[in-house]
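Every read-out reported here was derived from the displayed coordinates using simple, explicitly stated rules and does not represent laboratory data. This is a predicted model, so every value here is computed, not measured. We place every Cβ from the backbone using ideal geometry, glycine too, and count neighbours over all the protein chains shown.
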Amino acid sequence: MDTDVVVVGAGAAGLAAALWLAEHSVRVAVLEGRNRIGGRVLWQPVGTSDVPAELGAEFIHGPAPETSALLRDAGLTTRETGGPTWLCRSAGVLETVEEDFSSGDIFARVSSLAADESVDAFLRRFERDPQLREEARRARSFVEGFEAADPALASARAIADEVRTGVDSTSSRPAGSYAPLFAYLAARCTDTGIDLRLGTTVERIAWARGGVTVEARSENTDAAAIHAKCAIVTVPVGVLQLGSGDAQIAFVPPLPPETQAALRGLEMGHAVRVALTFRTPFWEDVAGGRYRDAAFFRCEGGAFNAFWTQLPLRGRSIVAWAGGPRATAMNGTAMQDRIDCACDEFGTMFGERERARRELEAGATHDWSADPFAHGAYSYVATGGGAARAALGVPVENRLFFAGEATATDGQAGTVSGAFGAGTRAAREALLVITGVR
């Protein structure tokens, strides 16, 4: 064997799996198609802002024990989010609301359904109810914006189960972005002797009772084969679902029917995130300083669901966010057009579009839907998908182990912490197969 375990993907799940195995004296090779680590965590400077902008994951949702433990190990801290949320119903007209993204209690009623149905079908039941109509509208906004899901496809039961966990009730950010944490993880990979190969795209995984053979191609080189006892596959669901594409992985023999059914039970959500850096935080002095302490701005009718500041850290940066159908509507649009649209909509909220244009220093975004190593933002359960997350996480003949946020079953799916936890879970399972001990 060339190595004990091949880990496919150097995002949160892949790094967590590799590090856990390396710390248990297992030889590990990590193959990553991108020329960087982090997967769907991506940061970069935007303009002259002191803090890198997150173009992928930004928040820590709920207690997030896996992320919290790694931050402590790295000597890093978090910042709680907080501050008023303002709802813009029309240009220049904003009102405070108690919550930013919230589904209210309406999903508690899902338990009365005889069978699963789409979020759209479920919420339509309340459109004519004067007492629940507004709550249903907020729930739809939550599913589209927070879950990055299409209500016509998303499972009402799965959303209700996630809401029940309370994971989405609180959020914080790693101080200084996720960049320091992933720098720490990269250093640990070096220290533990992990064979980390960037710019290496996996094309084929042959698996059998005796082990696995992973064929991968690096830039400007021919394909090479790595033989191992097993493989941990951490690429996003969007890649595993591909019939064809730049980052398609062929499994030989094909994945078993149970795994394929699990993949059909999941969808990739779509999101557009635009980071804007302004020359001054001009929104803080609009309307006599009315919005100085604003944390979130929610929007109705625009291309973006929401905008947010970096409070409690004051600065000149704003994030524009579109999820679900609003994000899908921007498929194929140029990156600069997305930046211009975000700037215009943010300024228009205050009746200050021209000022926002003048104040804009720089903008940045990343097209996750077109990214060949992602094909979307993060996963959600499709109508009738039931236990798809758990089923995807079931080992295949003790040779293939799947990890990533899509396999998290504790309410942390779609989050960095869920990916960290899933990677560790897959590593534990792989070690048991390799050594017979936990």
Within the stretch 398-414, track down each residue that is more than 22 Å from ASP168 (Cβ to Cβ) and not in a loop (DSSP other than H, G, I, E, B).
LEU400, PHE401, PHE402
Among the residues of the stretch 216-238, the number that are in a loop (DSSP other than H, G, I, E, B) and of a type in the set (A, V, I, L, M, F, W, C) is 1
Could you please let me know if ALA187 is outside any loop (DSSP other than H, G, I, E, B), free of Cβ contacts under 8 Å to residues at least 60 places away in the same chain and within 21 Å of the chain's Cα centre (by Cα)?
no
Options ALA160, ALA179, ALA206: the member that is closer than 30 Å to ARG109 by Cα and touching a Phe, Trp or Tyr at 6+ places or on another chain (Cβ under 9 Å):
ALA160
Does ALA16 fit the bill of being within 20 Å of THR190 (Cβ to Cβ), among the hydrophobic types (A, V, I, L, M, F, W, C) and in a helix (DSSP H, G or I)?
yes
Residue match in the stretch 76-93 (condition: touching a residue at least 40 places away in the same chain (Cβ under 8 Å), within 23 Å of GLY363 (Cβ to Cβ), part of a loop (DSSP other than H, G, I, E, B) and hydrophobic (A, V, I, L, M, F, W, C)):
yes
I need every pair where a residue in the stretch 266-290 that is within 24 Å of GLY404 (Cβ to Cβ) and in contact (Cβ under 8 Å) with a residue 12 or more places away in the chain has its Cβ under 8 Å from the Cβ of a residue that is outside any loop (DSSP other than H, G, I, E, B) and of a type in the set (Asp, Glu), sequence separation at least 6 or different chains.
ARG273/GLU54
When you check ALA403 against the structure, is it of a type outside the set (Phe, Trp, Tyr) and more than 18 Å from the chain's Cα centre (by Cα), yes or no?
no
Pick from the stretch 48-66, criterion touching a Lys or Arg at 6+ places or on another chain (Cβ under 7 Å) and of a type outside the set (Phe, Trp, Tyr), ranking: surrounded by the fewest Cβ atoms within 10 Å (Cβ to Cβ)
SER49
Restricting to the stretch 408-417, and then to whatever is in contact (Cβ under 8 Å) with a residue 60 or more places away in the chain and not hydrophobic (A, V, I, L, M, F, W, C), can you tell me which residue is nearest to ALA17 (Cα to Cα)?
SER417
The stretch 415-438: number of residues that are in a helix (DSSP H, G or I) and out of contact with any strand residue (DSSP E or B) (no Cβ under 8 Å at 6 or more places or on another chain)
11
Please work out which residue is nearest to the chain's Cα centre (by Cα), limiting yourself to the stretch 1-38 and to residues that are surrounded by fewer than 24 Cβ atoms within 10 Å (Cβ to Cβ) and among the β-branched types (Val, Ile, Thr).
ILE37
Counting only residues that are of a type in the set (Gly, Ala, Ser) and under 19 Å from the mean Cα position of the chain (by Cα), which one in the stretch 126-159 is surrounded by the most Cβ atoms within 10 Å (Cβ to Cβ)?
ALA149
Out of ARG358, ARG399, ARG326, ARG353, I need the residue that is touching a Cys at 6+ places or on another chain (Cβ under 6 Å) and surrounded by fewer than 24 Cβ atoms within 10 Å (Cβ to Cβ). Which one?
ARG399
Sort out for me the strands (runs of 3 or more DSSP E) sitting completely within the stretch 288-382 that have 1 or more residues that are closer than 24 Å to PRO84 by Cα and not aromatic (Phe, Trp, Tyr).
296-299, 306-308, 317-323, 360-365
Please indicate, with yes or no, whether at least one residue in the stretch 167-184 is among the hydrophobic types (A, V, I, L, M, F, W, C) and out of contact with any strand residue (DSSP E or B) (no Cβ under 6 Å at 6 or more places or on another chain).
yes
Hey, ARG72 hits all of (1) in a loop (DSSP other than H, G, I, E, B); (2) surrounded by fewer than 21 Cβ atoms within 10 Å (Cβ to Cβ); (3) not polar (S, T, N, Q) but one; which does it fall short on?
(1)
